[in-house]
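First the structure, in the form of structure tokens, and then the observations on it.
The values are calculated or read from the model by the stated rules, or taken from the named source; none is laboratory data. In this text the structure is predicted, and so the values were computed from the model without any measurement. We place every Cβ from the backbone using ideal geometry, glycine too, and count neighbours over all the protein chains shown. Just so you know, the surface numbers come from the protein's heavy atoms only, side chains and all, with ligands and any DNA or RNA stripped out. Shrake-Rupley method; radii C 1.70, N 1.55, O 1.52, S 1.80 Å.
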Amino acid sequence: MSAISSPLKAAVIGHPVAHSKSPLIHAYWLMQHDLAGHYRTIDIAPDALADGVRELVEDGYDGFNVTVPHKVAIMNLCADLDDTARAIGAVNTVVIQDGKLYGKNTDAFGFIENLKQAQPCILFDKPAMVLGAGGAARAVIYGLLQEGVPRIHLTNRSVNKAEQLAAMDPARIDVVPWDRRHELNDISLLINTTSLGMAGQPALEINLTALPRGAVVYDIVYAPLMTDLLSAAQMRGNPIVTGIGMLLHQARAAFHVWTGVMPEVDAALEKKVLA
Ligand code: ATR
């Protein structure tokens, strides 16, 4: 898509959604690139999704982001899904064209771009351990598989959800019981995708003793930014990556599909989002 000729009309839909940082991110890039438009938060309850989305189409929106709890339900309203959204089983970005919805998923891109920006020398040639098997884990694992990670150890409190996710690539994903999440001796990348460690949630209990010192530790939790997992990893000398970048980088790809401009994540934007 080429750069937009009319003001961008975009939004994020969710329930609740008022807390979303996405309007701030997109407003920053619109201004930086001298583009007209707006990006709003629109609260849509689950039973009002179809009507709410129809209103956006009728109002001439170019597209919208999708957050909890609509990422799976929105798929049924899409005329088509891209390969990534189909493989992940969720949509976080919609483009509206000729009154039709096209579903995409930019979360895997956001995760991988953040990782590469934070750790430019990272090689995806050794096993990774992923904690959690929810929606975020699906995007993380899809991204890792695309990068060629040879083996992913996946562990989750509910083993059946981990087994369902492992079906994405049974040859490369093995399910590890939750009580064996401390077995990290062959790991070069450890990723927490659970909500454990987030403000108001229980702590993530994990023993890092077996983790090689060179292994990168990534936490998708960004409130607080420096989680107990990241502090513990940093104290023993492991490289760490905070989770805020995933949010920022997934937004880049969405901005690109709506405007034709691929924006950058800079320090000023990161500071604004964390303020
Ligand atoms: P998201 O879309 O952000 O990934 P989610 O789909 O609700 O959110 O997934 C949350 C993840 O955190 C899941 O892996 C969940 O484990 P279950 O599948 O067993 O529910 C994990 N999680 C949440 N609370 C947890 C807890 N107290 N102990 C262990 N895992 C927990």
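Using the heavy atoms of the protein chains alone and a 1.4 angstrom probe, what is the accessible area of region 26-113 per residue in square angstrom?
On the way: 4160 Å² over 88 residues.
On a per-residue basis, 47 Å².
Among His19, His249, His182, the residue with the largest mean-square fluctuation in a Gaussian network model of the chain, with springs joining Cα atoms closer than 10 Å, is His19. On the chain, 52 percent of the accessible area sits on carbon and sulfur atoms, based on a 1.4 Å probe. Gaussian network model of the chain, Cα springs within a sub-10 Å range: biggest mean-square fluctuation belongs to which of Met246, Met198, Met129? Answer for the Gaussian network model of the chain: Met198.
In percent, rounded to a whole number, the relative contact order of region 122-218 is 32, using alpha-carbon pairs under 8 Å and six or more apart.
For region 176-226, the solvent-accessible area of protein heavy atoms averages 48 Å² per residue (probe radius 1.4 Å; ligands and nucleic acids excluded).
Would you please give the residues with an amide H less than 5 Å from that of Leu189, counting only those at least 5 places away or on a separate chain, with H modeled from the backbone geometry? Sorted by chain and number, the residues that satisfy this are Met129, Val216. Sequence-ordered 3J(HN,Hα) estimates for region 192-199 from the Karplus curve with 6.51, -1.76 and 1.60 and θ = phi - 60° stand at 8, 10, 7, 8, 5, x, 6, 3 Hz, glycine and proline given as x. Around the Cα centre of region 1-153, unit charges on the Cβ atoms of Lys, Arg, Asp and Glu (plus for the first two, minus for the last two) sum to a dipole of about 500 debye.
Couplings for region 214-226, taken from phi via the Karplus curve 6.51 cos²θ - 1.76 cosθ + 1.60 with θ = phi - 60°, read x, 5, 7, 10, 10, 10, 7, 5, 10, 9, x, 5, 9 Hz in order; Gly and Pro are left as x.
Coupling constants for region 126-137 follow from the phi torsions by the Karplus curve (6.51 cos²θ - 1.76 cosθ + 1.60, θ = phi - 60°), and in residue order they are 10, x, 10, 10, 10, 9, x, 9, x, x, 5, 4 Hz; glycine and proline get x.
One decimal place: the segment Arg236-Asp51 gains 61.4 nm when fully extended, by the rule 0.36 nm per residue minus the C-alpha distance. Need one number: nm distance between label points at Asp59 and Asp98, each 7 Å from Cα along Cα→Cβ, rounded to one decimal. Taking the two extended label points, one gets 2.5 nm.
Residue separation times 0.36 nm, minus the C-alpha to C-alpha distance between Asn185 and Ala199: what's the value? Intermediate results must be reported in sequence, preceding the final value.
Numbers: separation 14, 0.36 × 14 = 5.04 nm, distance 2.90 nm.
Full extension of this stretch gives 2.1 nm more.
May I ask you to list the residues of region 221-248 whose amide nitrogen lies under 16 Å from a point 7 Å from Cα along the Cα→beta-carbon direction of Cys121? From region 221-248, the list is 237-241.
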